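Participant: Pasting a structure here, questions to come.
The values are calculated or read from the model by the stated rules, or taken from the named source; none is laboratory data. Everything quoted here is computed from the prediction, not taken from an experiment. With ideal geometry, Cβ positions are generated from the backbone for all residues, glycine too; neighbour counts draw on all protein chains shown.
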Ligand code: SF4
């Protein structure tokens, strides 16, 4: 891949990956020598038509469908949906149920951030960190399983509350888990801020200024790493976030390193708030009654998913099935930031930049087609990753 | 009639395949729940690599196709293409309720059906998502059936 | 700034284009505007600056006929589409609403003033059949290439693809 080559056009097709409604993407990178000059996206490989699907299912059935928009952040989807429906029905969820929702949401954030840390490290060629963070992630998976009965898609929510409770034994298990993870997270913080090779791949790479982040409508840790202070948990507290608040974590650097640092600092916040939650769990019922037919109306429900603001719009026509449900997942906002930060960077940086927004890179079936002088040749995602790693050797 | 030498060769091949199957993973529209559990089988807690199971990047090197999710309109052709690119003999493991029946996504307009509707499946692993242990068990069942 | 003030600020910004407003929830205000004013209203909100564009939602309002058994049926090709531009600012959500008839479902794109809108617009274009005049890209975003032209899955009249 010498730089004397004629301008080439790369077609990067990232196969089905982010599971949410339509996130899996196909990217086309225009490349001149090493440098990316343009980027466009094509989504929809796992477009299943769920928004339409909701219109032929009842409000209760949809809870299970919405939970499966995304298997990684399933709880926040179910929670956003349930909160919207509860607003439509004008019911108040009991305090203990709200606290448990927050607890699961924060545990889920830990699992999701650790998962991301591993995958992002893998894209950069740091497989040791990948394996370590996934090993530690099993701690939180065990906790989630012991509390809810399932490792993924916990199904903790019901309309009007939650169906799980925690007891003394679980509380002490959670404490132990948090202590262990906190210690491990300190270690990760050291790795991402001190390791020379790692910094070579992250510092000043994929930078996005505050201004640009605002204009692109970036959300979540990606935006907060550029200094944007949006966080729905603070801006518009839901569940029990008003009683058990979190602090917004931001950074000003706006580069890949900052995105690592912000997510790791968010882990500390999660550990802290989880400890507080289990120590001061309010006592109350777990559910309230909720009608099967929702009164006519429309509501907006927003929650902060691990990847950013998740937006639900629900419209009821007074029957037992919704008239319209709109889901806007956070990754959809963040594609824009990838497409514009990609330009001007080396092709070798693409895997890390893409991973930087945390688009749930969990499949290994991504392909890169390289169109060289009109000869179509194929590069797998693996090849691109290897290319990036070799380049930085 | 197979000659004795071919018989021995076949035995050797089966032995090699059973002891170190290479797999490729394809998501044809899943919610990623199944996918993260498949990935979890590679990480230290479960670590299937110590049994010789390796996840491969290219279908041309794979013996086993591990699929997740219902099949969407856009993923159908890709799924078939990947299946066709795999060398014979090839085996398919469908992971998750979605792969078995379409799961919760049944009836959505973007979904054409389950994996069995599109390519032949050897082993189904039920669950939403199945635990990593279940996925490993499913692969082991496949290998057992190959041995006999 | 508390919620009311924040919402009032938004209402004032788009006042000159507003036809009517509605307050469906404590933290929300909806302002109905004419389709031709969308660009001006969005630009005014962004310039203020007031919040950010959170989502664009399409809603289909077909006309229904009722048969003797009392069952409602969608009348094809009759009805309106509604576009909702949701802006979030802290705890509040301010929504611009506009209505488009089926036979002239055209509205100006806002991509040139808000880059974030592109994916939302392309989604609404594909799933509802709304034409965003001047949009930078009208290619398929989420539907397959061979999806039949003129079929919009999120319209109520759509009940599934015909088996070919
Ligand atoms: S079976 Fe469950 S976890 Fe697996 S893809 Fe389907 S919905 Fe997701």
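Participant: Among the residues of the range C:122-142, which ones are modelled with pLDDT under 75 and within 9 Å of chain A (Cβ to nearest Cβ)?
Facilitator: C:137, C:139, C:140, C:141, C:142
Participant: One residue is enough: does the range A:124-132 have a residue meeting the conditions in contact with a helix residue (DSSP H, G or I) (Cβ under 6 Å, 6 or more places away or on another chain) and on the phi > 0 side of the Ramachandran plot?
Facilitator: yes
Participant: If you go through the range B:30-38 one residue at a time, do you hit one that is in a loop (DSSP other than H, G, I, E, B) and away from the ligand (no atom under 16 Å from the Cβ)?
Facilitator: No.
Participant: Out of the range B:59-78, which residues are touching a helix residue (DSSP H, G or I) at 6+ places or on another chain (Cβ under 8 Å) and either surrounded by fewer than 23 Cβ atoms within 10 Å (Cβ to Cβ) or farther than 16 Å from residue B:27 by Cα (or both)?
Facilitator: Once the filter is applied, which keeps residues that are touching a helix residue (DSSP H, G or I) at 6+ places or on another chain (Cβ under 8 Å) and either surrounded by fewer than 23 Cβ atoms within 10 Å (Cβ to Cβ) or farther than 16 Å from residue B:27 by Cα (or both), the range B:59-78 yields B:59, B:60, B:63, B:76.
Participant: Then there is this: Do you know which residues across the range A:136-155 are within 15 Å of the ligand (Cβ to nearest atom) and under 19 Å from the mean Cα position of the chain (by Cα)?
Facilitator: Answer for the range A:136-155, where residues must be within 15 Å of the ligand (Cβ to nearest atom) and under 19 Å from the mean Cα position of the chain (by Cα): A:141, A:144, A:151, A:152, A:153, A:154, A:155.
Participant: Let me spell it out: the conditions are (1) more than 9 Å from the ligand (Cβ to nearest atom); (2) facing chain A (nearest Cβ under 8 Å); (3) in contact (Cβ under 8 Å) with a residue 12 or more places away in the chain; (4) crowded, with 20+ Cβ neighbours inside 10 Å, and residue B:43 meets all of them except one. Which number is the exception?
Facilitator: With respect to (1) more than 9 Å from the ligand (Cβ to nearest atom); (2) facing chain A (nearest Cβ under 8 Å); (3) in contact (Cβ under 8 Å) with a residue 12 or more places away in the chain; (4) crowded, with 20+ Cβ neighbours inside 10 Å, residue B:43 is out only on (3).
Participant: Please specify each residue of the range B:57-77 satisfying the condition of being under 25 Å from residue A:153 (Cβ atoms) and more than 11 Å from the ligand (Cβ to nearest atom).
Facilitator: The answer is B:64, B:65, B:66, B:71, B:72, B:73, B:74, B:75, B:76.
Participant: Being under 30 Å from residue C:4 (Cβ atoms), more than 12 Å from the chain's Cα centre (by Cα) and surrounded by fewer than 18 Cβ atoms within 10 Å (Cβ to Cβ) narrows it down to one residue among C:70, C:90, C:51; which is it?
Facilitator: Only one candidate passes the filter, namely C:90.
Participant: Yes or no: residue B:67 part of a strand (DSSP E or B) and within 12 Å of another protein chain (Cβ to nearest Cβ)?
Facilitator: When the stated conditions are applied, residue B:67 passes them.
Participant: Another question, if that's okay. For residue B:18, are the conditions met, namely being more than 8 Å from every other protein chain (Cβ to nearest Cβ), out of contact with any strand residue (DSSP E or B) (no Cβ under 7 Å at 6 or more places or on another chain) and more than 16 Å from the ligand (Cβ to nearest atom)?
Facilitator: Yes: the conditions hold for residue B:18.
Yes/no per residue for (1) at pLDDT below 70; (2) crowded, with 21+ Cβ neighbours inside 10 Å:
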| position | (1), (2) |
| --- | --- |
| A:318 | no, no |
| A:322 | no, yes |
| A:359 | yes, yes |
| A:362 | yes, yes |
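Participant: Among the residues of the range A:113-122, how many are buried (at least 23 other Cβ atoms within 10 Å of the Cβ) and more than 9 Å from chain B (Cβ to nearest Cβ)?
Facilitator: 6
Participant: In the list B:115, B:100, B:135, which residue meets the criterion of being on the phi < 0 side of the Ramachandran plot, free of Cβ contacts under 8 Å to residues at least 40 places away in the same chain and within 16 Å of the ligand (Cβ to nearest atom)?
Facilitator: B:100
Participant: Answer yes or no: is there a residue in the range A:201-221 that is within 21 Å of residue A:278 (Cα to Cα), more than 16 Å from the ligand (Cβ to nearest atom) and crowded, with 18+ Cβ neighbours inside 10 Å.
Facilitator: no
Participant: Yes or no: residue C:106 closer than 26 Å to residue C:23 by Cα and in contact with a helix residue (DSSP H, G or I) (Cβ under 9 Å, 6 or more places away or on another chain)?
Facilitator: no
Participant: Looking at (1) closer than 25 Å to residue A:327 by Cα; (2) in contact (Cβ under 8 Å) with a residue 12 or more places away in the chain; (3) surrounded by fewer than 20 Cβ atoms within 10 Å (Cβ to Cβ), can you tell me which one residue C:96 breaks?
Facilitator: Here residue C:96 clears every test but (3).
Participant: Would you list the helices (runs of 4 or more DSSP H) that sit entirely within the range A:58-159 and hold 1 or more residues that are in contact with a strand residue (DSSP E or B) (Cβ under 6 Å, 6 or more places away or on another chain)?
Facilitator: Counting at least 1 such residues, we get A:74-89, A:95-123.
Participant: Now, a different point. Looking at the range B:87-97, which of the residues that are in contact with a strand residue (DSSP E or B) (Cβ under 8 Å, 6 or more places away or on another chain) and more than 11 Å from the ligand (Cβ to nearest atom) is farthest from the other protein chains (Cβ to nearest Cβ)?
Facilitator: Result: B:91.
Participant: Given the conditions (1) farther than 26 Å from residue A:141 by Cβ; (2) at pLDDT below 85, and given that residue B:84 satisfies all but one, which numbered condition is not satisfied?
Facilitator: Looking at each condition in turn, residue B:84 falls short on (2).
Participant: Hey, does the range A:183-190 have a residue that's within 17 Å of the chain's Cα centre (by Cα) and surrounded by fewer than 24 Cβ atoms within 10 Å (Cβ to Cβ)?
Facilitator: Within the range A:183-190 (the criterion being within 17 Å of the chain's Cα centre (by Cα) and surrounded by fewer than 24 Cβ atoms within 10 Å (Cβ to Cβ)), the answer is no, since none of the residues qualifies.
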